[in-house]
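First up is the structure itself, then whatever we jot down about it.
The values are calculated or read from the model by the stated rules, or taken from the named source; none is laboratory data. Keep in mind it's a predicted model, so treat the numbers as computed, not measured. Cβ placement follows ideal geometry from the backbone for every residue including glycine, while neighbour counts extend to all protein chains displayed. Each accessible area value is taken on the protein alone, full model and side chains, heavy atoms only, with ligands, DNA and RNA left out. Shrake-Rupley method; radii C 1.70, N 1.55, O 1.52, S 1.80 Å.
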Amino acid sequence: MLTINQIRDNSEKVIERLKIKNFDAAKIIEKILKADQDRRRLQGEADSKQNEMNTISKEIGMLFRQGKTGEANNAKEKTGIIKEEIKQLNQKLSDSILALDELLVQLPNLPHETVPTGRSSEDNEEIRSGGRIPELDKGALAHWDLAAKYNLIDFELGNKITGSGFPVYRGDGAKLQRALINFFLDENRSAGYEEFLPPLMVNEDSGFGTGQLPDKEGQMYHVTIDNFYLIPTAEVPVTNIYRDVIVDEDELPIKNTAYTPCFRREAGSYGKDVRGLNRLHQFDKVEIVQVQHPDLSYNTLEEMVSHVEGLLKKLELPYRIVKLCGGDMSFTSALTYDFEVYSAAQKKWLEVSSVSNFESFQSSRLKLRYRDKNTKKPLLAHTLNGSALALPRVVAALLENNQTEEVINIPKVLYPYTGFTTIVSGKK
RNA sequence: GGUGAGAUGGGUGAGUGGCUGAAACCAUCAGUUUGCUAAACUGACGUACUGGGUAACUGGUACCGGGGGUUCGAAUCCCCCUCUCACCGCCA
């Protein structure tokens, strides 16, 4: 969330910036500034009243120790009213803090100054593209047909065991999945990321820390009996490692990677978008997360972008990178690059990664700070993350783009991981 | 699931109603001494909110797992919750 200090000092600028996200903040900001004033006033009143009380209490203690019981008891008499006043002031104070927080969490992150204006994905700015879009024969199959033909993924079986959106990978399909996970993790490690294998369920505090709660509550599976949430992305557990942490400036940047399954309810999604692997309730993803000094976070963002681009190049997939416009960006992001691969049989661009700088938006919720080398003061760090990569759509594109009439070719870089170079039908 | 013991600052750990925001030790940082390293000595060393000051700094308030209560006054007493450890039960 934006901090009150950010808003207090630059309220006009905040309103101006949020217009790029098509968010009219003027009214909320006005309320925030008012609530902030209330809070500070009440804080001052409550504090000085409490001070008065503390002073009297100390005197009473002194009197008792000196044996002046009568005077002490006299002093006690006076405390009743003050006590009541403190109680009321504190109640007002906590109400006003609550009111302020409620307003603050409604404000989205400020978009970076390079974010293009726009309403929807139509207005995103293509940064660059790479790879070659293959020319497929007329009879080319979409990945769900290929999955059936080569016995790689069984959607029906997943339906039976759980429900739609929970596919069963089998045979070479399962192996390909494992190969990709290992390939991504190895590449990330080579780039200096530490590997984590975190819990797949998180508590409420973690959900709040990365911004999933309270807004996106309906998007997560909730295990009510223990009040845990199934993670929608490894970002949640991996970023929450640093909740309530102050790191030394020297430790930055912190680079972490993790493979996890991801669980998303995708409430409200339906239609042809969800066919095959395009949109699932459970899918595999390898995530990269960085914690960085504010001055360097945009360099880091570019570094992460080229790292992810490198993965797509190695997989020989046709891709494009787009910078999201204000209207298409997430609530929490300051700047986001989306990566899309071309799935040649569906003739569609599919999003396989989203790399974002959140600046201090997550840190302020997480209370993630670094200690400034010179001033020794704790300051909010910047967090960034991205997929490297999300598997299902990569698999969809790999299958579709590399199909021939008899086989599906595996990209060379995966040979050591799959142990096979082509997928042929009939094989178990 | 049952029983018992715990949860204190970066760490170990003292503290059972007021003089404790918190001893001591370790770690860390700065300085002194010292051919270098080490050792020794001296000093500094939590966070948040808030008032004053350009600032160094300084006044106030809160925080000893979380929440509530008793009391003029709570790390300390009471209640609830969470977590940790040990033993038992169950179990991959």
Check your understanding: Counting only residues that are open to solvent by 10 Å² or more (accessible area, probe 1.4 Å), of a type outside the set (Phe, Trp, Tyr) and not in a loop (DSSP other than H, G, I, E, B), how many does the range A:331-349 have?
Key -> 3
Review point. Does at least one position in the range A:304-326 carry a residue that is in a helix (DSSP H, G or I) and within 16 Å of RNA strand B (Cβ to nearest atom)?
Key: no
Check your understanding: Within the range A:384-394, is even one residue over 24 Å from A:His307 (Cα atoms) and touching a residue at least 12 places away in the same chain (Cβ under 8 Å)?
Key -> no
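Test A:Lys138 against the criterion of being surrounded by fewer than 13 Cβ atoms within 10 Å (Cβ to Cβ) and in a loop (DSSP other than H, G, I, E, B), and give yes or no.
Considered against the rule, which asks whether it is surrounded by fewer than 13 Cβ atoms within 10 Å (Cβ to Cβ) and in a loop (DSSP other than H, G, I, E, B), A:Lys138 comes out as yes.
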**Study point:** Cross-chain or 6+ apart pairs with Cβ under 7 Å, the range A:1-24 first and closer than 25 Å to A:Lys367 by Cβ, then within 15 Å of RNA strand B (Cβ to nearest atom) and among the hydroxyl-bearing types (Ser, Thr, Tyr)
**Key:** A:Met1/A:Ser364; A:Thr3/A:Ser364
Check your understanding: Considering the range A:236-251 alone, what residues qualify as being closer than 15 Å to A:Gln362 by Cα, open to solvent by less than 50 Å² (accessible area, probe 1.4 Å) and among the β-branched types (Val, Ile, Thr)?
Key -> A:Val236, A:Val238, A:Thr239, A:Val245
**Study point:** Selection within the range A:214-246 - within 16 Å of RNA strand B (Cβ to nearest atom) and under 30 Å from A:Phe183 (Cβ atoms)
**Key:** A:Tyr229, A:Pro237, A:Asn240, A:Ile241, A:Tyr242
Practice item. Answer yes if at least one residue in the range A:364-379 is away from RNA strand B (no atom under 16 Å from the Cβ) and either crowded, with 23+ Cβ neighbours inside 10 Å or among the aliphatic types (A, V, I, L, M) (or both), and no otherwise. Key: no
Study note, to complete from the structure: When (1) of a type in the set (Gly, Ala, Ser); (2) under 15 Å from A:Asn385 (Cβ atoms); (3) more than 20 Å from the chain's Cα centre (by Cα) are applied to A:Ser297, the one that fails is (3)
**Study point:** Checking A:Leu104 against (1) within 31 Å of the chain's Cα centre (by Cα); (2) without any contact (Cβ under 8 Å) to a residue 40 or more places away in the chain; (3) within 13 Å of RNA strand B (Cβ to nearest atom); (4) open to solvent by less than 90 Å² (accessible area, probe 1.4 Å), the condition it does not meet
**Key:** (2)
Review point. Restricting the range A:48-80 to residues that are surrounded by 13 or more Cβ atoms within 10 Å (Cβ to Cβ) and of a type in the set (Asp, Glu), which is farthest from A:Ser96 (Cα to Cα)?
Key: A:Glu71
Check your understanding: Does the range A:163-197 hold any residues that are of a type outside the set (A, V, I, L, M, F, W, C), surrounded by fewer than 19 Cβ atoms within 10 Å (Cβ to Cβ) and within 21 Å of the chain's Cα centre (by Cα), and which are they?
Key -> A:Arg189, A:Gly192, A:Glu194, A:Glu195
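Can we say A:Lys87 is within 42 Å of the chain's Cα centre (by Cα), more than 8 Å from RNA strand B (Cβ to nearest atom) and open to solvent by 90 Å² or more (accessible area, probe 1.4 Å)?
Against the criterion (within 42 Å of the chain's Cα centre (by Cα), more than 8 Å from RNA strand B (Cβ to nearest atom) and open to solvent by 90 Å² or more (accessible area, probe 1.4 Å)), A:Lys87 qualifies.
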Check your understanding: Taking only pairs six or more apart or across chains, which ones have beta-carbon atoms under 8 Å, a first residue in the range A:45-73 that is more than 7 Å from RNA strand B (Cβ to nearest atom), and a second residue that is at pLDDT 80 or above and not in a helix (DSSP H, G or I)?
Key -> none
Review point. Does the range A:9-47 hold any residues that are open to solvent by 60 Å² or more (accessible area, probe 1.4 Å) and either β-branched (Val, Ile, Thr) or over 30 Å from A:Asn124 (Cβ atoms) (or both), and which are they?
Key: A:Asp9, A:Glu30, A:Lys31, A:Lys34, A:Gln37, A:Arg40, A:Arg41, A:Gln43, A:Glu45, A:Asp47
